[in-house]
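Peer 1: The structure is given below, and queries will be raised subsequently.
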Amino acid sequence: GAPLAQGAVTCGQVTTSLAPCITYLRGKSGPVPPGCCEGIKSLNSAAQTTPDRQAACKCIKSAAAGISGINYAIASGLPGKCGVNIPYKISPSTDCNR
């Protein structure tokens, strides 16, 4: 993909990146879809600064809140399954400002 501009983590980007993950996050069995890990990796590489990480975190939280039937136990393990280390858990109680 094209290189991302600095400070360009938008909620639209987050939603697009996470879209392939939704079925998996609802607890459907099977491996993580390939597009899902690609999305998580691209988000992680886009969010390098603290403000970007906080923005991405808030977007992930609001996106997750809008998905019915999301399984947060699966969601919090997803970055690890994709080989990505993010500094916060994906959960409705995450404090994005830390």
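Peer 1: Could you work out how far helix 34-46 tilts from the main Cα principal axis of the chain, as a 0 to 90 degree angle to the nearest 10?
Peer 2: 30
Peer 1: Here is a further query. Multiplying the sequence separation of residue 97 and residue 85 by 0.36 nm and subtracting their Cα-Cα distance, what value in nm do you get? Numbers along the way, then the final one.
Peer 2: Numbers: separation 12, 0.36 × 12 = 4.32 nm, distance 1.78 nm.
This chain segment gains 2.5 nm when fully extended.
Peer 1: Okay, moving on. So how strong a dipole does the chain carry about its Cα centre when Lys and Arg Cβ are +1 and Asp and Glu Cβ are -1, to the nearest 20 debye?
Peer 2: Working: 9 positive and 3 negative charges, 40 e Å.
Rounded to the nearest 20 debye, it is 200 debye.
Peer 1: Let me ask something else about it. What would the Debye equation give as log₁₀ I(q)/I(0) for the range 11-81 at q = 0.16, 0.20, 0.25, 0.27 Å⁻¹, counting only Cα atoms as equal point scatterers?
Peer 2: -0.50, -0.79, -1.23, -1.41
Peer 1: A further question on this structure: Sort 23-36, 45-58 by packing, meaning the average of other beta carbons within 10 Å per residue, with the highest value first.
Peer 2: Values: 23-36: 13.4, 45-58: 17.1.
Sorting 23-36, 45-58 by mean packing, highest first, produces 45-58, 23-36.
Peer 1: Right, another one. Work out the count of Lys pairs in the range 11-81 where the Cα-Cα distance is under 20 Å, with the pair 8 or more places apart or on different chains. Let's see the in-between values first.
Peer 2: On the way: 28/81; 41/58; 41/61; 41/81; 61/81.
Count of close lysine pairs: 5.
The numbers here are math on the coordinates, done by the rules we state, and not lab data. The structure displayed is predicted, hence computed values, not measured ones. For neighbour counting, all protein chains shown are included, and Cβ atoms are generated from backbone atoms with ideal geometry for every residue, glycine included.
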